[in-house]
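Working notes, beginning with the structure itself.
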Amino acid sequence: MEKCSYHPTAAYERPPLKSPMVKRRKNGTTSSVKNVQIAVLGKDGVGKSAFTVRALTRRFIGEYDKTLESTYRHHVELDGQFLSLDVLDTAGKNSLEKIDNCVHTGSDLFFVLYSTIDRSSFEEASLLCQYLLKTKNVNPACLILVGNKSDLKHFREVDEYEGRLLAQALECGFYQLSVSEGFDDSQNVLYSTLRQYVNTQKHGSPSIRLFFDNVLSRKKSVA
Ligand SMILES: Nc1nc2c(ncn2[C@@H]2O[C@H](COP(=O)(O)OP(=O)(O)OP(=O)(O)O)[C@@H](O)[C@H]2O)c(=O)[nH]1
Ligand SMILES: [Mg+2]
């Protein structure tokens, strides 16, 4: 179901799309390619770059340039639908301008990360989510709260139920994981979200409540 290419490019310079994008299968049939713009947000150090690279390439790279903001272009085939992903891995201090930019450059999905060993990052994630939902009118179905670093149990400052409660209050998706422990949890978070997004686009928008009843009744924690 994955991957054809992996190209970090400069921040906010999302590559222009050729329209219409069509992919030819081996059997000669063609299928349109859907572009999905994704923004990864959260306080510095919560694991945004680690999550992005892990979900796209399975690799875990311990240290990243802290000021480097990158967009990764990646191609996947999911349930017969070709997707061209542009994943914006934000870096540095969050600002309203930066978040506005993510919205205005047309992000379809927002992953907001916090670290389970840093309560202030959870508070910042909460503010970020509220800003996206209330001020920027982002659909909660397009917002996913992710608690990272669940492997560091002895340093834990945010319990899983707190993340789940916040997500329920905001009606957004929620996962808790450890990016460092394996690639499958990060990929599950990405692909489950993409699958839901593509289905919603295909079959019309179900009610948000129905959507989150589905999401929240599935296994919430992949940790
Ligand atoms: N133990 C543990 N460490 C992690 C995990 N995820 C990321 N890290 C580490 O946390 C540190 C920060 O990760 P980054 O991916 O650079 O965080 P970031 O959010 O991109 O940080 P900025 O780009 O500075 O905003 C690195 O040392 C990672 O190796 C995890 O699940 N568990
Ligand atoms: Mg980073």
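What follows draws every value from the coordinates through simple rules; no lab data is involved. These figures come from a predicted structure and were not determined experimentally. Counting neighbours? That spans all protein chains shown, and the Cβs are built from the backbone with ideal geometry, glycine included.
Fully extending the segment from His75 to Thr105, taken as 0.36 nm per residue of separation minus the present Cα-Cα distance, adds 8.9 nm. Extending 7 Å from the Cα toward the beta-carbon at both Arg24 and Leu96 defines two label points whose distance is 5.1 nm.
Shown in residue order for the stretch 155-171 are the 3J(HN,Hα) couplings computed by the Karplus curve 6.51 cos²θ - 1.76 cosθ + 1.60 at θ = phi - 60°: 9, 4, 10, 10, 6, 4, 4, 5, x, 5, 4, 4, 5, 5, 4, 8, 6 Hz (x for Gly and Pro).
If I take R0 = 22 Å and measure r between the Cβ atoms of Tyr161 and Arg58 in this structure, what FRET efficiency does the formula 1/(1 + (r/R0)^6) give, to the nearest 0.05? That gives a FRET efficiency of 0.15.
For the stretch 34-202, report the % of Cα-Cα distances exceeding 23 Å. The share of Cα pairs beyond 23 Å in the stretch 34-202 comes to 33 percent. Look at where the Cα atoms of the stretch 134-172 and of the stretch 51-129 average out, and the two centres are 14 Å apart. Within the stretch 97-112, whose backbone N sits under 13 Å from a point 7 Å along Cα→Cβ of Asp44? Counting backbone N atoms under 13 Å from the label point, the list is empty. The phi torsions of the stretch 104-118, fed into the Karplus equation with coefficients 6.51, -1.76 and 1.60 and a -60° offset, translate into couplings of 6, 7, x, 4, 8, 10, 10, 9, 10, 9, 9, 9, 5, 9, 9 Hz, rounded to whole numbers, with Gly and Pro shown as x.
Can you give the FRET efficiency for Lys66 and His203, using 1/(1 + (r/R0)^6), R0 = 41 Å, r = Cβ-Cβ distance, to the nearest 0.05?
It comes to 0.50.
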